[in-house]
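**Student:** This is the structure I want to talk about, given as structure tokens.
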Amino acid sequence: GAGVSQSPRYKVAKRGQDVALRCDPISGHVSLFWYQQALGQGPEFLTYFQNEAQLDKSGLPSDRFFAERPEGSVSTLKIQRTQQEDSAVYLCASSTILRGVYNEQFFGPGTRLTVL
Amino acid sequence: RKEVEQDPGPFNVPEGATVAFNCTYSNSASQSFFWYRQDCRKEPKLLMSVYSSGNEDGRFTAQLNRASQYISLLIRDSKLSDSATYLCVVMAAAGNKLTFGGGTRVLVKP
């Protein structure tokens with residue numbers, strides 16, 4: 001079956017531009033996560049949705065970052081007034097939600113954002 | 001100090017050899033532990049969960065030491081295809097977010 005898809009795969013933005021990154025989770029997956037991975041580092045948590053509810057946004061680095069999942073499926077991560085330090089790979093992951101067990105998070109291929 | 005720390009490597013391993021590496025975590029309330037594998041320019045993929053009793057999956061053995069707060073991964077009979085970055089991952093009791101280490105790079109050479 002189809003995995004998690006993300007678009008665009010690559011994005012080059014000029015400093016100060018706004019960008020929108022899209023994530024299509026695996027069909028039926030209730031949970032959706034965004035992570036940021038800087039070059040040579042491990043992924044870092046940004047935000048978490050359960051259906052359309054954003055339950056945790058503690059990892060968003062500033063108020064320039066905004067995420068939504070209005071209908072509980074597709075999610076968009078928006079970055080306003082991009083800065084060079086925003087350059088990273090943005091990974092989306094989705095999972096089911098069964099109580100009492102670890103629900104494996106399946107990752108998409110990521111969007112590589114380069115801010116010039 | 002980062003919540004999950006790993007030796008970045010690279011660990012240069014002759015094909016067929018055994019390699020082992022650890023990671024340490026700082027949050028004693030962490031409940032679940034995993035190793036993820038990430039190939040160059042690809043997404044992370046779950047390699048295996050790590051249980052207190054230790055567990056094995058083919059050539060891979062994972063161990064958890066809660067008292068010392070470290071997790072280990074051992075790869076036996078290394079294959080060229082084992083070359084990748086291995087990410088140590090911790091999940092807290094509450095919530096579902098994963099906390100990743102910086103990754104340990106392993107290069108298996110003929």
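The values are calculated or read from the model by the stated rules, or taken from the named source; none is laboratory data. Not measured: the values here are computed from a predicted model. Here the Cβ is made from the backbone with ideal geometry for all residues, glycine too, and neighbour counts use every protein chain on show.
**Student:** Of a type in the set (A, V, I, L, M, F, W, C), part of a loop (DSSP other than H, G, I, E, B) and surrounded by 13 or more Cβ atoms within 10 Å (Cβ to Cβ): does that describe A:ILE26? Don't jump to the end; show me each part of the working.
**Tutor:** On the way: of a type in the set (A, V, I, L, M, F, W, C): yes; part of a loop (DSSP other than H, G, I, E, B): yes; surrounded by 13 or more Cβ atoms within 10 Å (Cβ to Cβ): yes.
Yes.
**Student:** Give, as residue ranges, the strands (runs of 3 or more DSSP E) completely inside the range A:69-116 that count at least 3 residues that are over 16 Å from A:ALA20 (Cβ atoms) and touching a Ser or Thr at 6+ places or on another chain (Cβ under 9 Å). Explain how you work it out, then say what you get.
**Tutor:** Working: elements: A:75-79, A:88-95, A:111-115.
Those strands (runs of 3 or more DSSP E) span A:88-95.
**Student:** At least 2 residues that are more than 13 Å from chain A (Cβ to nearest Cβ) and in contact (Cβ under 8 Å) with a residue 40 or more places away in the chain in each: list the strands (runs of 3 or more DSSP E) lying fully within the range B:30-110 that qualify.
**Tutor:** Values: elements: B:30-38, B:45-50, B:55-57, B:60-65, B:70-75, B:84-92, B:98-100, B:104-109.
The qualifying strands (runs of 3 or more DSSP E) are B:70-75, B:104-109.
**Student:** Right, something else. Does the range A:38-53 hold any residues that are surrounded by 15 or more Cβ atoms within 10 Å (Cβ to Cβ), within 14 Å of the chain's Cα centre (by Cα) and part of a loop (DSSP other than H, G, I, E, B), and which are they?
**Tutor:** Selection gives A:PRO43 alone.
**Student:** Additional query: Going residue by residue through the range A:100-107, is there one that turns out to be more than 9 Å from chain B (Cβ to nearest Cβ), under 15 Å from the mean Cα position of the chain (by Cα) and closer than 25 Å to B:GLN38 by Cβ?
**Tutor:** Within the range A:100-107 (the criterion being more than 9 Å from chain B (Cβ to nearest Cβ), under 15 Å from the mean Cα position of the chain (by Cα) and closer than 25 Å to B:GLN38 by Cβ), the answer is no, since none of the residues qualifies.
**Student:** What is the one condition in (1) out of contact with any Lys or Arg (no Cβ under 8 Å at 6 or more places or on another chain); (2) surrounded by fewer than 21 Cβ atoms within 10 Å (Cβ to Cβ); (3) within 14 Å of chain B (Cβ to nearest Cβ); (4) in a strand (DSSP E or B) that A:TYR35 does not satisfy?
**Tutor:** (2)
**Student:** Name, by its number, the condition in (1) within 13 Å of the chain's Cα centre (by Cα); (2) surrounded by 19 or more Cβ atoms within 10 Å (Cβ to Cβ); (3) modelled with pLDDT of 95 or more that does not hold for B:ALA20.
**Tutor:** Against the list (1) within 13 Å of the chain's Cα centre (by Cα); (2) surrounded by 19 or more Cβ atoms within 10 Å (Cβ to Cβ); (3) modelled with pLDDT of 95 or more, B:ALA20 comes up short only on (2).
**Student:** Another question about this same structure. Considering only the range A:54-64, I want to know if a residue exists there that is closer than 22 Å to B:LYS42 by Cα, within 12 Å of chain B (Cβ to nearest Cβ) and assigned to a strand (DSSP E or B).
**Tutor:** No: the range A:54-64 contains no residue that is closer than 22 Å to B:LYS42 by Cα, within 12 Å of chain B (Cβ to nearest Cβ) and assigned to a strand (DSSP E or B).
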